[in-house]
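Let me begin by presenting the structure, written as structure tokens, before commenting on it.
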Amino acid sequence: MTYFWHGDASTIAQDEAGIQACLGALNQPCYVLDVDGYIGFTNAGDLSTSAGTVPILAFTPPASAENLGSATFRHVYGVKYAYMAGAMANGIASADLVIALGRAGMLASFGAAGLVPQRIEEAIAKIQDALPNQPYAFNLIHSPSEMAIEQRAVELFLRHNITTVEASAFLEVTPTITYYRVAGLSQAPDGTIIPKNRVIAKVSRREVAEGFMSPPPANFVADLLAQGKISAQQAEWAKHIPMADDVTCEADSGGHTDNRPLSALLPVILELRDHLQAQFGYATPVRVGAGGGIGTPSAVLSTYMMGAAYVVTGSVNQSCIEAGASDHTKKLLAQADMTDVMMAPAADMFEMGVKLQVLKKGTLFPLRAQKLYELYREYPSIEAIPADERAKIEKTVFRRNMDAVWADTVAYFEARDPEQIHRANANPKAKMALIFRWYLGLSSRWSNIGEAGREMDYQIWCGPAMGAFNEWVRGTTLEHPQNRRVADVAEHLMYGAAIAYRANLLRVQGVDLPNQYVFYRPK
């Protein structure tokens, strides 16, 4: 059937700016017309099967950015978009960042990892005061070397009624996160099980995803019941819900990452979700989102088109005004290219050989951190390191004697987790790890506070999305970090994704659109 367009010919655009304006008017339909053998675009007029002078080649209805992704995700968290800003540790994903996005109707996760309880409680008070009815989440990071920290974080979140956590770096489901999840279970009058405490689990491996998509482990639930931490009813209800409401496929991201390609990881986790849903029959299926490498509208759209319920951004937010990073760090991030990243040893999982992705341009941290890990692998203790190697590390990396570093380390863990010191005193290898972790831990703090004289030691978590974002905004007001606001960045990404979606709808109808007509760039 042939359709024809009827309307005011003066509304038809055939120039680049006019076509871009038509595509960008998301709340209006977009018609592509055959105007005497040339393509024209308009948002006005009507369609009819009655013969007319202007045949129509393609058509798209209004296409709102708010409709991309999962409607359920938007409803559950009370957000404008199926979009969230993921946690960046040590308060880089700051209270100000969470508040800015929350006030704009978007979800963000406070970077609680690495912070002492007092700092976390201060952030809780600030965020809850600013967002009494708006969305927010707090990061719960897995701490295999310091399980007491993970336990205290859960107790803190329960005490302060934090009802959404973003669980990251978990190697498996633990008793602590099981306690958080099950302790919030209740039942509605109609029998529906209500998970008050929601979990958004960030994973990069199938086996970890399976744990979070399965019910809470029965042995952990039994232990919690025996300890009186949950009720018998909650133990029973736990059999019918998944550990996580949402599972984020973490691809090639900054920080902890397995560098998985999203196009390979996401379909596998989606298929796993469907398999486990058929097995367990949850009332609400686990939603699967994705993050890592998302720094442009095209990346946002491609993630939705692969089936993601929501998208998670990270690196790009770190360069924004509200992020808890120093001006020097934000400047380095704003200058980064996609290739200016590399892997380096992680402080929290140093002994396990776990790595994270960091910026390599403008800092020597990744090379120095790798040298420390090589020494850790090669020698059984600090004393076994050759004198010249030790002197070099003390002079160029630590800038102080290792005995003084150990004294600081003891003071730190005596207040945080004394068991670490007891273990190190009985194990020279563990002591060496704690000394090396002193540098790895402080290097991220130096980056955040802008420690003068330590610029070449800044540990800056960053993935290739940062470089892609910088290329996208080059020549625009967002090129400069002092103009980057986290809510504006989100709005531009989502608006651009909706335009790209609209263009793709036209392309599948046979309209060959040159990329410059549909490539949205912030004005």
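Applying 1/(1 + (r/R0)^6) with R0 = 51 Å to the Cβ-Cβ distance of MET338 and GLN187, what FRET efficiency is obtained, to the nearest 0.05?
Details: r = 49 Å, r/R0 = 0.96.
Taking R0 as 51 Å, the efficiency between MET338 and GLN187 is 0.55.
Nearest 20 debye, what's the magnitude of the dipole of the chain about its Cα centre given +1 on Lys and Arg Cβ and -1 on Asp and Glu Cβ?
Charge dipole of the chain: 740 debye, to the nearest 20.
Mind checking the alpha-carbon convex hull of the stretch 61-192 and giving the volume per residue in Å³?
139
Taking the square root of 5 times each eigenvalue of the Cα gyration tensor, what semi-axes in Å does the equivalent ellipsoid of the stretch 80-138 have, largest first?
Values: eigenvalues 67, 33, 9 Å².
After scaling each eigenvalue by five and taking roots: 18, 13, 7 Å.
Suppose only helical runs count, i.e. DSSP H with n ≥ 4. What mean residue ellipticity at 222 nm does that imply for the chain under -39500 (n - 2.57) per run, divided by all residues and rounded to the nearest 500 deg cm²/dmol?
Using -39500 (n - 2.57) per qualifying helix, the result is -13000 deg cm²/dmol.
So what are the radius of gyration and Dmax for the Cα set of the chain, in Å?
Just the Cα atoms of the chain yield Rg and Dmax of 25.7, 91 Å.
Computed FRET efficiency, Cβ-Cβ of ARG399 and ALA278, R0 45 Å: what is it to the nearest 0.05?
With R0 = 45 Å, the Cβ-Cβ based efficiency is 0.20.
With labels modelled as points extended 7 Å from the Cα through the Cβ direction, what inter-label distance (nm, one decimal) is found for ALA21 paired with ALA232?
With each label point 7 Å from Cα toward Cβ, the separation is 7.2 nm.
Find how much the distance from ASN67 to LEU171 grows on full extension, using 0.36 nm per residue of separation minus their present alpha carbon separation; answer in nm with one decimal. Don't skip to the end; give the middle numbers.
Numbers: separation 104, 0.36 × 104 = 37.44 nm, distance 3.33 nm.
Additional length available on full extension: 34.1 nm.
What FRET efficiency comes out for the pair GLN509/THR476, r = Cβ-Cβ distance, R0 = 25 Å, nearest 0.05?
On the way: r = 31 Å, r/R0 = 1.22.
With a Förster radius of 25 Å, E is 0.25.
With just the Cα atoms of the stretch 331-457, tell me how far they stretch along each of the three principal axes, in Å, largest first.
Result, largest extent first: 45, 32, 27 Å.
Percent of alpha carbon pairs in the stretch 312-385 separated by more than 16 Å?
Roughly 58 percent, once rounded to a whole number.
Once both axes come from the Cα atoms, what is the angle between helix 365-378 and the longest principal axis of the chain, in degrees from 0 to 90, rounded to 10?
Between helix and principal axis, roughly 40 degrees.
Testing the spin-label approximation: label points 7 Å from Cα along Cα→Cβ at THR2 and ASP327. State their distance in nm.
With each label point 7 Å from Cα toward Cβ, the separation is 6.6 nm.
Can you tell which of THR284, ALA323, ALA209 lies farthest toward the positive end of the dipole of the stretch 67-325, using +1 and -1 charges on the Cβ of basic and acidic side chains (Lys, Arg; Asp, Glu)?
THR284
What ranking, highest mean first, results for peptides 218-225, 245-252, 381-388 when packing means the other Cβ atoms within 10 Å averaged over each residue?
245-252, 218-225, 381-388
Taking θ = phi - 60°, what integer Hz values does the Karplus form 6.51 cos²θ - 1.76 cosθ + 1.60 yield along the stretch 223-235, in sequence order, with x for Gly and Pro?
5, 5, 5, 5, 7, x, 7, 9, 8, 4, 5, 5, 4
Taking the mean number of other Cβ atoms within 10 Å as a proxy for protection, how do you rank 24-34, 458-468, 74-84 from highest to lowest?
Peptide ranking by packing, descending: 458-468, 74-84, 24-34.
Starting from the Cα of ALA125, step 7 Å along the direction of its Cβ; do the same at GLN28; then give the gap between the two resulting points in nm.
Once both label points are built, they end up 5.2 nm from each other.
With point charges of +1 on the Cβ of Lys and Arg and -1 on the Cβ of Asp and Glu, referenced to the Cα centre of the chain, which listed residue (LEU115, ALA487, TYR304) lies farthest in the positive direction of the dipole?
LEU115
No value in this document is a laboratory result; all are computed from the given coordinates. Since the model is a prediction, treat every value here as computed from it, not as a measurement. Counting neighbours? That spans all protein chains shown, and the Cβs are built from the backbone with ideal geometry, glycine included.
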